[in-house]
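Asker: Dumping the structure here so I can ask a few things about it.
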Amino acid sequence: MEAGRKPAQGVVLSAAGQMGCLRVLDDVVRFTPSDREGWRAGDLPRLWASRYWQVFDEDDLRLGLSQPDYHFCEWVGAICFFLTQGCLSLVEKYGCPSHLRKEVVLNRLTGPEFTCFLEHAPQQPPDLLVYAPDYSDWFFCEAKGPGDELRPEQEGFFREIRARTGKEIYLLRVVETSEDSWFLRHACAGVSG
């Protein structure tokens, strides 16, 4: 993903193909083992919540810190969409009425009928609801890390979401590498380690 690319009229993504009901994004986001360790230690959730305050709220930070083995790939995806497309994201739990800020944004984007559907759904929606800051365009994204695959029940639920909203659901692969990480260089630019 090219850093600094902003959407002209809505969000522009390039998909490499289909995987079931998901459109697979051309780009793969790479991270290093030290990135993951920084997440588990709580350093990266704190840094990213502070640096990308437009994307993450206190509840996102609470979940990131209290569940250090989860949420890393979702946060990576949200930051990448922010850095490359200028988009904001709702990261997980946006179908839960107890997450008021997320419910307000979800309702504004999708309307009360779909918001109600998600609140009573038997499964979680895709990891990210990505949207333009002016709410003019939006889509869903499922972030998958190493060893994480789309389950059949997820695919069925995602098909229903796509049918109800008419919106694409993208798949973003987040992979570990021993090489320099584009993600770490951009997400933590200017931070001394």
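Asker: Kindly indicate the residue of segment 149-188 that is assigned to a loop (DSSP other than H, G, I, E, B) and modelled with pLDDT of 90 or more and also nearest to Val28 (Cα to Cα) among those meeting that condition.
Answerer: Lys167
Asker: Output the number of residues of segment 93-129 satisfying the condition of being more than 18 Å from Phe157 (Cβ to Cβ) and either out of contact with any Pro (no Cβ under 7 Å at 6 or more places or on another chain) or among the aromatic types (Phe, Trp, Tyr) (or both).
Answerer: So the answer is 13.
Asker: Here's a follow-up. Considering every residue within segment 116-129, establish whether at least one is closer than 19 Å to Gly77 by Cβ, in contact with a helix residue (DSSP H, G or I) (Cβ under 8 Å, 6 or more places away or on another chain), modelled with pLDDT of 95 or more and not in a loop (DSSP other than H, G, I, E, B).
Answerer: Yes, there is a match, as at least one residue in segment 116-129 is closer than 19 Å to Gly77 by Cβ, in contact with a helix residue (DSSP H, G or I) (Cβ under 8 Å, 6 or more places away or on another chain), modelled with pLDDT of 95 or more and not in a loop (DSSP other than H, G, I, E, B).
Asker: Select from segment 121-143 the residues that are surrounded by fewer than 19 Cβ atoms within 10 Å (Cβ to Cβ) and within 28 Å of Asp69 (Cα to Cα) and list them in ascending order.
Answerer: Scanning segment 121-143 gives Ala121, Pro122, Gln123, Gln124.
Asker: Another one. Among the residues that make up segment 76-86, is at least one of them modelled with pLDDT under 95 and farther than 17 Å from Val28 by Cβ?
Answerer: So far as segment 76-86 goes, yes, one or more of its residues are modelled with pLDDT under 95 and farther than 17 Å from Val28 by Cβ.
Asker: Can you list the helices (runs of 4 or more DSSP H) lying wholly within segment 35-92 that have 1 or more residues being touching a residue at least 60 places away in the same chain (Cβ under 8 Å) and either surrounded by fewer than 23 Cβ atoms within 10 Å (Cβ to Cβ) or aliphatic (A, V, I, L, M) (or both)?
Answerer: Of the helices (runs of 4 or more DSSP H) lying wholly inside segment 35-92, those with at least 1 residues that are touching a residue at least 60 places away in the same chain (Cβ under 8 Å) and either surrounded by fewer than 23 Cβ atoms within 10 Å (Cβ to Cβ) or aliphatic (A, V, I, L, M) (or both) span 43-51, 72-85.
The values are calculated or read from the model by the stated rules, or taken from the named source; none is laboratory data. The structure displayed is predicted, hence computed values, not measured ones. Don't worry about glycine lacking a Cβ; one is built from the backbone with ideal geometry, like all the others, and counts go over all protein chains shown.
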